[in-house]
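Enquirer: Just dropping this structure here.
The values are calculated or read from the model by the stated rules, or taken from the named source; none is laboratory data. Quick caveat: nothing in here was measured; it's all calculated off a predicted structure. Here the Cβ positions follow ideal geometry from the backbone for every residue, glycine too, while neighbour counts run over all protein chains shown. SASA here: full protein model, heavy atoms, side chains in, ligands and nucleic acids out. Shrake-Rupley method; radii C 1.70, N 1.55, O 1.52, S 1.80 Å.
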Amino acid sequence: ALLGIYGGVRRRAARNQQELSQEFEKRLAALWELKTQRCADIDAVSSEFARLLAAVFSLAPFGFLDDAAKKALWHLGYNLGRWIYIADAVDDLEKDQKTGSYNVFLQRKYCSMAGLKDSIREEASFNMNYSLAEACKAYELLDIKRDKPLIDNIMYLGLAKKTQDILKGEVDGSV
């Protein structure tokens with residue numbers, strides 16, 4: 001039943017938002033290929049997911065956005081997408097190991113889960129904090145008029161706290 005619904009939504013999106021639909025399909029195919037290849041390069045995999053979210057942010061049909069806002073939204077989406085991908089990969093390490101699911105970090109050589117977590121902590125911390133800082137820079141370029149205090153809280157406090165919780169392994173629930 002869901003496939004039928006998804007198919008209709010997908011066809012309607014492809015018809016109404018061709019550029020976004022094409023970019024979405026391109027990025028999903030690239031992600032699938034990297035996953036199939038069991039890619040161990042965090043930059044390659046997170047960048048594909050980041051480009052997917054960047055397209056969603058910048059190609060959405062908001063008629064009132066100028067080119068500068070679309071560019072800022074692209075950068076915001078890209079960096080949030082990168083943060084999300086890396087955060088999820090770090091958070092799902094043990095679950096993915098148990099289920100045999102693809103995880104970019106599990107493609108590396110490791111003797112124990114604790115050893116793997118130690119070996120990726122600094123890299124993950126740098127990448128997540130860098131992506132979050134870049135997302136905040138892009139966010140600051142936007143002229144937010146509605147719910148700005150709430151979004152500010154999420155961007156500057158919530159995501160920073162979630163980053164630290166993920167790196168410490170203290171996430172309760174999904175990323």
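Enquirer: Which of (1) within 18 Å of the chain's Cα centre (by Cα); (2) among the aliphatic types (A, V, I, L, M); (3) loosely packed, with under 14 Cβ neighbours inside 10 Å; (4) within 24 Å of residue 36 (Cα to Cα) is the odd one out, the single condition residue 133 does not satisfy?
Expert: Checking residue 133 against (1) within 18 Å of the chain's Cα centre (by Cα); (2) among the aliphatic types (A, V, I, L, M); (3) loosely packed, with under 14 Cβ neighbours inside 10 Å; (4) within 24 Å of residue 36 (Cα to Cα), the one that fails is (4).
Enquirer: Out of all the residues in the range 117-130, which are within 19 Å of residue 75 (Cα to Cα) and open to solvent by 100 Å² or more (accessible area, probe 1.4 Å)?
Expert: Here is the first cut: in the range 117-130, the residues within 19 Å of residue 75 (Cα to Cα) are 126-130.
Result: 126, 130.
Enquirer: Give the residue that is modelled with the lowest pLDDT, with candidates limited to residues of the range 17-34 that are open to solvent by 100 Å² or more (accessible area, probe 1.4 Å) and closer than 27 Å to residue 63 by Cα.
Expert: So in the range 17-34, the residues open to solvent by 100 Å² or more (accessible area, probe 1.4 Å) come out as 18-19, 22, 26, 32.
Filter once more, keeping what is closer than 27 Å to residue 63 by Cα: 18-19, 22, 26.
Numbers: 18: 81, 19: 84, 22: 86, 26: 91.
The extreme case among them is 18.
Enquirer: So is residue 66 closer than 18 Å to residue 143 by Cα and open to solvent by 40 Å² or more (accessible area, probe 1.4 Å) or not?
Expert: Numbers: closer than 18 Å to residue 143 by Cα: yes; open to solvent by 40 Å² or more (accessible area, probe 1.4 Å): yes.
Yes; evaluated as a whole, the condition is true for this residue.
Enquirer: Still on this structure: Residue 23 passes all but one of (1) in contact with a Phe, Trp or Tyr (Cβ under 7 Å, 6 or more places away or on another chain); (2) of a type outside the set (Val, Ile, Thr); (3) more than 22 Å from residue 119 (Cα to Cα); which number fails?
Expert: (1)
Enquirer: Could I ask something else about it? What do you reckon, is residue 119 closer than 25 Å to residue 36 by Cα and of a type in the set (Ser, Thr, Tyr)? Break it down into steps so the answer makes sense when it comes.
Expert: Values: closer than 25 Å to residue 36 by Cα: yes; of a type in the set (Ser, Thr, Tyr): yes.
Here the answer is yes, as residue 119 does meet what is asked.
Enquirer: How many of the residues in the range 89-101 are crowded, with 17+ Cβ neighbours inside 10 Å and either more than 26 Å from residue 151 (Cβ to Cβ) or in contact (Cβ under 8 Å) with a residue 60 or more places away in the chain (or both)? Can you show your working first?
Expert: Our first condition is that a residue be crowded, with 17+ Cβ neighbours inside 10 Å; within the range 89-101, this holds for 89-93, 96.
When the remaining residues are screened for being either more than 26 Å from residue 151 (Cβ to Cβ) or in contact (Cβ under 8 Å) with a residue 60 or more places away in the chain (or both), the result is 90-93, 96.
Residues flagged as crowded, with 17+ Cβ neighbours inside 10 Å and either more than 26 Å from residue 151 (Cβ to Cβ) or in contact (Cβ under 8 Å) with a residue 60 or more places away in the chain (or both) within the range 89-101 amount to 5.
Enquirer: Taking the range 142-175, which residues are touching a residue at least 40 places away in the same chain (Cβ under 8 Å), closer than 29 Å to residue 67 by Cβ and surrounded by 15 or more Cβ atoms within 10 Å (Cβ to Cβ)?
Expert: Hits for the range 142-175 are 142, 159.
Enquirer: Also: Looking only at the range 35-49, count how many residues are of a type in the set (A, V, I, L, M, F, W, C) and either in contact (Cβ under 8 Å) with a residue 60 or more places away in the chain or open to solvent by 80 Å² or more (accessible area, probe 1.4 Å) (or both). Can you show your working first?
Expert: Kept after step one, since they are of a type in the set (A, V, I, L, M, F, W, C), are these residues of the range 35-49: 39-40, 42, 44-45, 49.
Adding the requirement that they be either in contact (Cβ under 8 Å) with a residue 60 or more places away in the chain or open to solvent by 80 Å² or more (accessible area, probe 1.4 Å) (or both) leaves 39-40, 42.
Matching residues across the range 35-49 total 3.
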